[in-house]
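To keep things clear, I will list the structure first and then write my remarks on it.
The values are calculated or read from the model by the stated rules, or taken from the named source; none is laboratory data. Predicted model, so just to flag it, every value in this text is computed and none were measured. Cβ sites come from the backbone with ideal geometry, for glycine too, and all protein chains shown count toward neighbours. These accessible areas exclude ligands, DNA and RNA; they are computed on the full protein's heavy atoms, side chains included. Shrake-Rupley method; radii C 1.70, N 1.55, O 1.52, S 1.80 Å.
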Amino acid sequence: MSAAPDAVVRVVVADDERMVRTALRVILDAEPGIEVVGEASTGAEAVSVVRAERPDVVLMDVRMPEIDGIRATEQILAGMAEPPRIVVVTTFENDSYVYDALRVGAAGFLLKRAAAEELVAAVRLVARSDSLLYPAAVRGLAAEHARHRPPVAPPWVGRLTEREAEVLRLVATGLANAEIADRMGVGAATVKTHVAAVLAKSGARDRTQAVILAYESGFVRAG
């Protein structure tokens, strides 16, 4: 699910620490065009609140009681026809939990020490869903984990057209659709069509997961 350009971005905050939830709510509710519509203190509660409120964006703590943020992310994405964009909120960016969350479909991650303006920008960005959140960090995480497992080229790689393969490589560098269009000399609508085809063929939920799959398959290599 992505918010319309002029729509209010509806957010659910899931964290087992009340002070963290309160701080995130205060920051986001102070911003025009953003509204926190629910909170959760456990992974199971997060799933329930998200299904009830149907937000555009979820800020999901990784380590929570009952079920962790990874399983909660997985359940939300699997159980909703139009799921929200989920951003993992974490203390350590190289945490294996973060990578696992991205693998199951989280749109990106945000460090708990991030400044208020970074939090707001992240929520707005993932709501638009046409760019990677902190592309260098996502690439670094994907590349690091790919080094520890042998690349296995899945069948979908061979089904990509030349243009689709080029678009995936550019997505993996962190470029947004408009930037890819400029680089390729085509219209933004054409790029959007190619990105949609890449997601459909790879089975990725979004650009972030497509980058993860690109590195894991060896289609894109570190360096």
Descending accessible area (1.4 Å probe), largest on the left, turns 161, 42 into 161, 42
At a 1.4 Å probe, what is the % contribution of carbon and sulfur to the accessible area of segment 7-148? 51 percent
Separation of the residue 29 and residue 136 label points, Cα + 7 Å toward Cβ, nm: 3.5 nm
Note to self: with every protein chain in place and a 1.4 Å probe, the chain gives an accessible area per residue in Å² of 46 Å²
Roughly what would the spin-label model give for residue 192 and residue 19, points 7 Å off Cα along C-beta, in nm? 4.4 nm
Please work out whether segment 1-117 counts as rounded, prolate or oblate from its C-alpha gyration tensor, where a ≥ b ≥ c are the square roots of the eigenvalues and a/c under 1.5 means rounded, while otherwise a/b larger than b/c means prolate and anything else oblate? rounded
Enumerate by residue number the GluC sites (Glu not before Pro) in segment 20-72 meeting two conditions: DSSP loop (anything except H, G, I, E, B), and at most 15 other Cβ atoms within 10 Å of the site's Cβ. 66
Can you give the local net charge around residue 73? Use residues other than it whose beta-carbon is closer than 12 angstrom to its beta-carbon, Lys and Arg +1, Asp and Glu -1. 0
Less than 10 Å Cβ to Cβ from residue 45, Lys/Arg counted +1 and Asp/Glu -1: what total charge do the surrounding residues give? -3
Relative contact order (percent) for the chain, with alpha-carbon contacts under 8 angstrom and 6 or more residues of separation? 17 percent
Here the relative contact order (percent) of segment 92-223, from C-alpha pairs under 8 Å and at least 6 apart, is 34 percent
Near-label residues of segment 9-42 by backbone N, under 13 Å of a point 7 Å along Cα→Cβ of residue 48: 39-42
As a test question: what accessible area, to the nearest 10 Å², does residue 24 have when a 1.4 Å probe is rolled over all protein chains in place? 30 Å²
